[in-house]
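One structure is given below, encoded as structure tokens.
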Amino acid sequence: MVDESQKTPKTYCIYILSCADGSFYTGMTCDLERRLAEHQAGRGARWTKRRLPVELIFSLNGLTYHSALKVERYIKSLCRARKEALVEGEPGILALVEKRI
């Protein structure tokens, strides 16, 4: 039997992909490498399946499930210019994202 106190809590990652048509896709996963492979193979999401190839342009790691949900929802609500600022690492938009963690 596994001691519950010795389990490592699962961490999550928020990511942004740049699609072949220039659009962005924002997602959340606990295994970024696997999820990227799924997207590249056309099994990741309907949006990316129709816009291959995709490229990882931003990721934020080490989040709890609930903070990852909040951050994903926030990033999805941003206009394209703010998403681009986030990808470029602009401190102001990064601070707004970090408030949701």
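Beta carbons closer than 9 Å, at least 6 apart along the sequence or on distinct chains, pair a first residue in the stretch 90-101 that is without any contact (Cβ under 8 Å) to a residue 60 or more places away in the chain and under 17 Å from residue 76 (Cβ atoms) with a second that is of a type in the set (Gly, Ala, Ser) and surrounded by 14 or more Cβ atoms within 10 Å (Cβ to Cβ) for 93/85; 94/85; 100/67; 101/67; 101/68.
Taking the options 18, 77, 67, name whichever one is of a type in the set (Ser, Thr, Tyr), at negative phi and loosely packed, with under 14 Cβ neighbours inside 10 Å. Exactly one residue qualifies, and that residue is 77. For the stretch 21-36, taking the residues that are closer than 12 Å to residue 47 by Cα and either surrounded by 13 or more Cβ atoms within 10 Å (Cβ to Cβ) or of a type in the set (Phe, Trp, Tyr) (or both), the one that is farthest from the chain's Cα centre (by Cα) is identified as 23. Taking each residue of the stretch 48-73 that is small (Gly, Ala, Ser) and looking for partners that are outside any strand (DSSP E or B) with beta-carbon atoms closer than 8 Å, six or more apart or interchain, yields 59/32; 62/11; 67/100; 67/101.
Where a number appears in this text, it was derived from the coordinates with a stated rule and is not lab data. Keep in mind the model is a prediction, meaning the values are calculated, not measured. Every residue, glycine among them, receives a Cβ derived from its backbone with ideal geometry; neighbour counts consider all protein chains shown.
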